[in-house]
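Here's the structure, in C-alpha cells; my notes come after.
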Amino acid sequence: MSGKLGEIIAVSAPSGTGKTTIVRSILNEFPELVFSVSATTRKKRENEIDGVHYYFISEEEFKKKIEQNEFAEWEKFYGYYYGTLKKFIDDTIHEGKSVILEIDVKGALAIKKSYPNAVLIYILPPSFEELVKRLKNRMTESALDLNKRIERAKMELSLKDKFNYFIINKDLNTAINEAKILISKIIKGVNTDGNKSD
Ligand code: 5GP
C-alpha cells in the first residue's frame, strides 16, 4: 500500500433518475471500488442481502448509533432512517481503496462537509417533465407517495449546483458510459475540471 487515501465518490439523484442502475454498472466495471453499505431502518426487499446492500437495523439501534456519533451523515425519509457509517468510509479509504456512496442529495452535501475532498456526482433527468413521467411509469408508489417524491425531486434539483459533476440520463447506456469514464479518471487521480486539487 502506498499510503495514499482512497477517493470518496457520492452518486446522487432524485428518485426515478436511474441512479441505482448506473451505480451497479460502475461497480461491475471497477471491482476495486467499494460500495458504501449504509445502515437503514427500512424493511429488506426480497432481492437484498443484509450487509451487502444495507445493514438492516432497528430504529432503536439506529438512534443509538446517532448518539454514539457513528454516522458521517444520516437522513430520515418516508418514515425510515438511512445513514452512512463513518467507520466504513474511514477504514476503506485508509486501506487505499476508493468508496462509492449511493445516497440522497442532502446526504452527499453533508459528506462533502465532513470530507471536503469527496467528489459529488449528480445524475440529472433530461427534464423535470421526463422525471415526473418516469416516476409515474414506475407505478410503485401510491398517488400520495408520488406527490411527495415529486416535491422532494424539486428540492433536490435546486441543490444541483453544489455538486462537482453532472451526468444527464437521457439514454441509459450513454449515461453509464459517461459515468464509467468519469469514475476511471477520478480513481486514477486525473484532474478533470480543476475542482479537485489532488
Ligand atoms: P431505497 O430505500 O430505495 O434503497 O433508498 C431511498 C433513498 O435513500 C435513495 O435516494 C438512496 O440513495 C438513499 N440512501 C441510501 N443510503 C443512504 C444513506 O446512507 N444516507 C442518505 N442520506 N441517503 C441514503
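The values are calculated or read from the model by the stated rules, or taken from the named source; none is laboratory data. Not measured: the values here are computed from a predicted model. Quick reminder, even Gly has a Cβ in these numbers, built from the backbone with ideal geometry, and neighbours come from all protein chains shown.
Looking at PHE35, PHE56, PHE62, PHE30, just one residue is in contact with a strand residue (DSSP E or B) (Cβ under 7 Å, 6 or more places away or on another chain), farther than 29 Å from SER158 by Cβ and among the aromatic types (Phe, Trp, Tyr), and that residue is PHE56.
Matching residues to (1) modelled with pLDDT under 90; (2) loosely packed, with under 12 Cβ neighbours inside 10 Å:
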site	(1), (2)
TYR115	no, no
VAL119	no, no
TYR122	no, no
GLU130	no, no
LEU135	yes, no
SER142	yes, yes
LEU146	yes, no
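Any idea which residue in the range 149-158 is farthest from SER15 (Cα to Cα), counting only those that are surrounded by 15 or more Cβ atoms within 10 Å (Cβ to Cβ) and of a type outside the set (Asp, Glu)? Can you show your working first?
Taking the range 149-158 as the starting set, the residues that turn out to be surrounded by 15 or more Cβ atoms within 10 Å (Cβ to Cβ) are 149-150, 152-153, 156-157.
Narrowing further to those that are of a type outside the set (Asp, Glu): 149-150, 152-153, 157.
Details: ARG149: 7, ILE150: 9, ARG152: 9, ALA153: 7, LEU157: 11 Å.
Taking the candidates together, the pick is LEU157.
The single condition among (1) surrounded by 20 or more Cβ atoms within 10 Å (Cβ to Cβ); (2) farther than 25 Å from ILE187 by Cβ that LYS64 does not meet is (1). What is the residue count in the range 74-105 for residues that are within 11 Å of the ligand (Cβ to nearest atom), assigned to a strand (DSSP E or B) and β-branched (Val, Ile, Thr)? Residues flagged as within 11 Å of the ligand (Cβ to nearest atom), assigned to a strand (DSSP E or B) and β-branched (Val, Ile, Thr) within the range 74-105 amount to 1.
For SER38, indicate whether it is surrounded by 17 or more Cβ atoms within 10 Å (Cβ to Cβ), within 12 Å of the ligand (Cβ to nearest atom), over 19 Å from ILE176 (Cβ atoms) and modelled with pLDDT of 95 or more. Give the steps one after another, and end with the answer.
Values: surrounded by 17 or more Cβ atoms within 10 Å (Cβ to Cβ): yes; within 12 Å of the ligand (Cβ to nearest atom): yes; over 19 Å from ILE176 (Cβ atoms): yes; modelled with pLDDT of 95 or more: yes.
Yes.
Taking the criterion of being within 8 Å of the ligand (Cβ to nearest atom) and aromatic (Phe, Trp, Tyr), no residue of the range 3-35 qualifies.
Screening ALA110 with (1) within 12 Å of the ligand (Cβ to nearest atom); (2) out of contact with any Asp or Glu (no Cβ under 7 Å at 6 or more places or on another chain) gives one miss only, at (2).
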